[in-house]
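Asks: Got a structure for you, written out below as structure tokens; questions coming shortly.
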Amino acid sequence: MQKTVFITGATAGFGKAMAERYAREGWKLVLTGRRQERLDELKEALAPAPVHTLNFDVRDRASCREAVGSLPAEFAAIDVLVNNAGLALGIEPAQDCDLDEWECMVDTNIKGLLYITRAILPGMVERDRGHVVNLGSVAGTYPYPGGNTYGGTKAFVNQFSKNLLADLLGTRLRVTNIEPGLCETEFSVVRFRGDKSKADTVYQGTEPIRPEDIAEAVYWATTLPAHVNINSMEIMPVDQAFAPFAINRR
Ligand code: NDP
Ligand code: 8X3
């Protein structure tokens with residue numbers, strides 16, 4: 001039976017790479033994002049794969065519910081939901097941050113993920129079939145200067161993913177939290193508010209993860225035998241590791 005994957009934030013980065021990966025394997029795809037022209041281009045590039053696109057903002061609760069409710073019957077029985085849409089804004093110390101940007105991260109990375117999950121989960125439970133994949137981050141486990149609210153939202157994703165597993169015990173549903181480290185996508189351009197040259201410095205002289213690497217990990221986790229659940233997967237480039245504790249000396 002042809003399976004269906006629903007990917008939020010498919011217009012760039014991980015989401016786009018995942019769309020390409022699942023399409024290659026003959027899945028049906030529901031692809032979402034706010035940039036319609038990107039969704040159209042992707043649908044065309046993936047043809048003849050069956051693609052249904054949905055243009056909405058995950059921060060809008062009603063739009064999330066309506067978008068999921070509007071799915072044509074052939075795309076409505078979702079096997080894999082990838083809660084991927086998300087962003088970081090800024091890297092300033094907490095005391096200098098813009099509260100609107102903090103709210104945007106909470107609204108997108110936490111509330112958006114909740115709206116979509118809540119709209120899709122009951123159908124999965126009813127069919128006793130489904131896999132929820134959430135995009136967390138190493139920033140949800142390891143603190144770094146300027147990670148403040150972004151890291152906090154990803155810590156939420158980690159705990160919510162595990163709590164979902166607790167609630168779903170007794171069903172055949174699976175939940176996986178993917179926790180990538182440094183990966184070159186549009187992530188840093190967004191984080192630095194459109195400043196591409198500043199974003200480029202993040203990846204200068206190093207070899208970050210590629211979106212295709214994350215797509216491969218997600219595809220692998222969702223195609224394992226049905227009795228296996230990958231709770232979480234932390235994935236960093238070989239060129240990334242940990243620093244010692246910072247100590248202030250007077
Ligand atoms: P990109 O900026 O390349 O892609 C983000 C995607 O999310 C876009 O398709 C964008 O689509 C979508 N999106 C953002 N905000 C909204 C919104 N309000 N409503 C609907 N869609 C939205 O980033 P990545 O691919 O790197 O990021 C994907 C996920 O991975 C995020 O959750 C991020 O936090 C996480 N992550 C990224 C890492 C990295 O280093 N790149 C590392 C660890 C985790 P559009 O603008 O068209 O709406
Ligand atoms: C993105 C990874 O280290 O830039 O989640 O926060 S990091």
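Asks: Has region 114-125 got any residue that is within 15 Å of ligand 2 (Cβ to nearest atom) and buried (at least 18 other Cβ atoms within 10 Å of the Cβ)? Lay out the reasoning, then the answer.
Replies: Residues of region 114-125 that are within 15 Å of ligand 2 (Cβ to nearest atom), as a first pass: none.
No.
Asks: Please identify the pairs in which a residue from region 157-180 that is farther than 16 Å from Gly86 by Cβ has its Cβ atom under 7 Å from the Cβ atom of a residue that is basic (Lys, Arg) and at pLDDT 95 or above, counting only partners at least 6 apart or on another chain.
Replies: Pairs that qualify, where the first residue is farther than 16 Å from Gly86 by Cβ and the partner is basic (Lys, Arg) and at pLDDT 95 or above, are Arg172/Arg129.
Asks: Now for a different question. All but one of (1) within 16 Å of ligand 2 (Cβ to nearest atom); (2) within 20 Å of Asp107 (Cα to Cα) hold for Val132; state the number of the condition that does not hold.
Replies: The single condition Val132 does not satisfy is (1).
Asks: Considering only region 42-66, state which residues are of a type in the set (D, E, K, R), touching a Ser or Thr at 6+ places or on another chain (Cβ under 9 Å) and either more than 21 Å from Ala119 (Cβ to Cβ) or open to solvent by less than 20 Å² (accessible area, probe 1.4 Å) (or both). Break it down into steps so the answer makes sense when it comes.
Replies: Initially, region 42-66 is screened for residues of a type in the set (D, E, K, R), giving 43-44, 57, 59-61, 65-66.
Going one step further and asking which of them are touching a Ser or Thr at 6+ places or on another chain (Cβ under 9 Å), we end up with 43, 57, 59.
Answer for region 42-66, where residues must be of a type in the set (D, E, K, R), touching a Ser or Thr at 6+ places or on another chain (Cβ under 9 Å) and either more than 21 Å from Ala119 (Cβ to Cβ) or open to solvent by less than 20 Å² (accessible area, probe 1.4 Å) (or both): just Lys43.
Asks: Let me ask something additional. Let me confirm something: among Gly170, Gly205, Gly181, which residue is within 16 Å of ligand 1 (Cβ to nearest atom) and either closer than 30 Å to Arg129 by Cα or at pLDDT 95 or above (or both)? Even if it seems obvious, please write down each step before you answer.
Replies: On the way: Gly170 fails: within 16 Å of ligand 1 (Cβ to nearest atom); Gly205 fails: within 16 Å of ligand 1 (Cβ to nearest atom).
Within the list Gly170, Gly205, Gly181, the selection yields Gly181.
For every residue, the table says whether it meets (1) outside any loop (DSSP other than H, G, I, E, B); (2) within 16 Å of ligand 2 (Cβ to nearest atom).
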| position | (1), (2) |
| --- | --- |
| Val58 | no, no |
| Ala67 | yes, no |
| Leu71 | no, no |
| Glu74 | yes, no |
| Leu81 | yes, no |
| Ala85 | no, yes |
| Ala88 | no, yes |
| Ile91 | no, yes |
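Asks: For region 114-133, does any single residue satisfy the condition of being within 14 Å of ligand 1 (Cβ to nearest atom) and part of a loop (DSSP other than H, G, I, E, B)?
Replies: No: zero hits.
Asks: Let me ask something else. Are any residues in region 21-38 within 13 Å of ligand 1 (Cβ to nearest atom) and outside any strand (DSSP E or B), and if so, which ones?
Replies: Arg34, Arg35, Gln36, Glu37, Arg38
The values are calculated or read from the model by the stated rules, or taken from the named source; none is laboratory data. What you see is a predicted model; the values in this text were computed from it and never measured. Because the Cβ atoms are built from the backbone with ideal geometry, glycine has one as well, and the counts that use them run over all protein chains shown. Just so you know, the surface numbers come from the protein's heavy atoms only, side chains and all, with ligands and any DNA or RNA stripped out. Shrake-Rupley method; radii C 1.70, N 1.55, O 1.52, S 1.80 Å.
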